[in-house]
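Just so you know, all these numbers are worked out from the coordinates, no wet-lab data involved. Here the structure is a predicted model, which means the values were calculated and not measured. Ideal geometry is used to build each Cβ from the backbone, glycine not excepted, and the neighbour counts take in all protein chains shown.
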Amino acid sequence: MKQRNLGWVLLALGSIILFSTTTTWAAGSPKIGIVDAVGALQQSQWGKAATEELKKAAEKMDADLDQKQKAFAGAKEEFDKKKDVLDQKSKTKKEQDLRDMQQEGQKYLMDSKGKLNDLQASLAKKVHEVVEKLAKDEKYDFIFEKTGLVYATDKEDITKQVAKELDKLPPWKP
């Protein structure tokens, strides 16, 4: 008998929740927006300038790494030419110097990748902050990233608004 009453109570409770949810959705549909964060960066002057700064930082890191690689290659070539005439002590020291140079180059490569990832994350965070502010100001319930959607109409797309808000920011510095 208790199970039967429990079943009716659960059914009634489920119905109340279902109807209250339906009423809430019918009374006011959620405000949904779609944003293409990469598109907003590409459309805004701020995003273009920030992307250019990021590109310059990456190019400088690449140039520094290239210089280290060339120095290592030159030192290795010189060692290979002279290794047969060097005494064991000099040979061991040069080999250690080459290992140190190689490790330094690998460390620089890893550090550069980490720094570049941090810069990209900083840029993405700034875009996220702008989207979040726009969502709060415009009272959006949900904003989805366009790249994760199968289909969305353009009427919910706020990418241009985000690009305009990005252009109001001070220049981004890496």
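Looking across F142, F72, one residue alone is loosely packed, with under 12 Cβ neighbours inside 10 Å, out of contact with any Asp or Glu (no Cβ under 7 Å at 6 or more places or on another chain) and touching a residue at least 24 places away in the same chain (Cβ under 8 Å). It is F142.
Note on the stretch 145-154: among residues that are closer than 30 Å to P174 by Cα and in contact (Cβ under 8 Å) with a residue 12 or more places away in the chain, the one that is farthest from the chain's Cα centre (by Cα) is K146. Take the conditions (1) more than 15 Å from G39 (Cα to Cα); (2) out of contact with any Ser or Thr (no Cβ under 9 Å at 6 or more places or on another chain); (3) not hydroxyl-bearing (S, T, Y); W172 misses just one of them, which is (2). Here K91 clears all of (1) free of Cβ contacts under 8 Å to residues at least 12 places away in the same chain; (2) loosely packed, with under 13 Cβ neighbours inside 10 Å; (3) not polar (S, T, N, Q) except the condition numbered (2).
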